[in-house]
1. Which whole-number percent is the relative contact order of region 293-349 (Cα, under 8 Å, 6+ apart)?
2. Across the Cα atoms of region 137-276, what radius of gyration and what greatest pairwise Cα-Cα distance (Dmax) are found, in Å?
3. So what J values fall out for region 213-228 if you push phi through Karplus, 6.51 cos²θ - 1.76 cosθ + 1.60 with θ = phi - 60°, rounded to Hz, Gly and Pro as x?
4. Let's see if you can work this out: charge +1 on each Lys and Arg Cβ, -1 on each Asp and Glu Cβ, no other charges. What is the dipole magnitude of the chain about its Cα centre, in debye to the nearest 20?
5. Taking H as built 1.01 Å from N, whose amide H comes closer than 5 Å to the amide H of Gly391, not counting residues under 5 places away?
6. Taking the DSSP beta bridges in the chain as the whole, what percent of them are antiparallel, to the nearest 5?
7. Would you mind classifying region 254-399 by shape? Square roots of the alpha carbon gyration tensor eigenvalues, ordered a ≥ b ≥ c; an a/c under 1.5 is rounded, otherwise it is prolate if a/b is larger than b/c and oblate if not.
8. Have a look at the DSSP beta bridges in region 51-200 and tell me what percent are antiparallel, nearest 5.
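Each value in this text was obtained by applying a stated rule to the coordinates, not by laboratory testing. If you're wondering where the values come from, they're calculated on a predicted model, not measured in any experiment. All Cβ positions, glycine included, derive from the backbone under ideal geometry; neighbour counts span all protein chains shown.
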Amino acid sequence: MKHNDFEFDNYFKNYPDKDGYFGKYGGSYIPENLQKAMAEITEAYFTICKSSKFVSELRRIRKEFQGRPTPISHLERLSNSLGNVQLYVKREDLNHSGAHKLNHCMGEALLAKYMGKKKVIAETGAGQHGVALATAAAYFGLECDIYMGSVDIKKQAPNVARMKILGANVVEVTHGLATLKEAVDAAFEAYSREYKDAIYCIGSVLGPHPFPMMVRDFQSVIGVEAREQFMSMTGELPDAVVACVGGGSNAMGLFSGFLNDPVDIYGIEPLGRGEKLGDHAASLKYGTEGVMHGFNSIMLKDEKGEPAPVYSVASGLDYPSSGPEHAFLQTIGRVKYDVINDDETIDAFFTLSRMEGIIPAIESSHAVAYGIKLAKQMERGSVLINLSGRGDKDMDYIIEKYGIR
C-alpha cells in the first residue's frame, strides 16, 4: 500500500534504520557508558529474536500463561444506540495482569534471562507496566525495582499493592510533579548505576534505541491477532482502528497489523482540562521536536525548552512526549492523531461499563470515547478500538472524584 507516496510493503524491515531512527525521530541520546549497555541489548535482541527456541518459548508463554489470543468483542448494544456503525473492541483487558503491558514485559524479562541479568528496572504511571513487569520477574525469578511518582502511587493504590504482593520493590519518586516523567528520570538514573547486573525494561515505545523497536515488535501480537480475528468475524477489514496514545505501545501494537491496509488509523491523546500548557498531555498535537529520555520525538516544552508539566486524568498518559514512531507516522500522514478530554473520557468509562458490562481503564476510555465520536460521524461501517486495559485499578479514584453516575 502507498500512502502519500510512502511504500509500506517493507516498512518493518526499513524502520527503524540501523541507528534506531524513524525518519528523523528516534536514535539514542545517552551517556557513553549506557551506549555500550544499549549496544549489548541490541545485539542480544537481534540474536534472540531470530532464535526458534526464544520464539517458541514466547509463544508458549503467551498461550499458557498470558491467555492469548485475547478476543475481539462486538459492542452490539452500544453500536445500536449510536446508529449504523458497528463498534468492536480488542480485549487486552483480558490479557493476564489486566492490560497489554505483559506482552512486552515477558519478552523483555526473557531477554534479561538470556543476557544473564539478575534484576529488571522500570518506571510506571498507571501501574499496569509495573504490575506486568513484577509478574514477569516473579515468573522468571528476577529481582524487580519499580519507580513510581507519589501522585500516581496515591491514585493507583490497587496496582501498588499488586506489585508488592508479586515481590517488587516499589520506589516512590517525590521530586518535580511526582508523576510519570519523574519516574522515568529516576529509573534511568538507577539503571545508569546498575546496568551491569540489570536491564531497564522501558514501559512503552520510547527511550533510546532499541526500545521503541523492541517494544513495538513484542506488542505487534495485538495487531496480528486483531486483523486475523476481525477478518474471521466479519469477512472484511474494519474501516477504522483506534487506540489511546501516551508513550504509545498499545497503539503501535494494534497499528502494526493495519499499516499496509486501506484502513483509517487514529491515535488518541489526552486533552485533559483543555488546550493550555500544563492542562493536557497531547504532545503530538501541540508539541515540537525535542530530545528527552534518550530519544528524539515530538514533545511539550516550557518557555526554557525543557519538558513541560503535563496533566491527564489517566496516569498512564501523562507524559510530555510520545514514541518516535508515532511522530514519524504523523509526519508522513499515515496515522491521524486527535484528542479527547477528561469529561468525554469519564463519560465513555461509564457508558461502556453500563451498556456492555466492560469496565475499561481510564487510558483505554480515551479510545472508547473517540470510537463513539467516530460512530456518530460515519454513516456506516465498522470501528475497531483497542481496549488496552481494564478499569479495576481506577475504580476507587473514579468513585472518589466523580461519584457513581
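1. Values: 38 pairs, mean separation 16.6, N = 57.
Value for region 293-349: 29 percent.
2. Rg and Dmax of region 137-276, Cα atoms, are 18.0, 53 Å.
3. Coupling constants for region 213-228: 6, 5, 5, 4, 4, 5, 7, 4, 4, 4, x, 4, 4, 4, 5, 5 Hz.
4. Value, rounded to 20: 900 debye.
5. Result for Gly391 returns Ile359, Ala361.
6. Values: 17 of 51 bridges.
Roughly 35 percent of the beta bridges in the chain run antiparallel, per DSSP.
7. Oblate.
8. Roughly 20 percent of the DSSP beta bridges within region 51-200 come out antiparallel.
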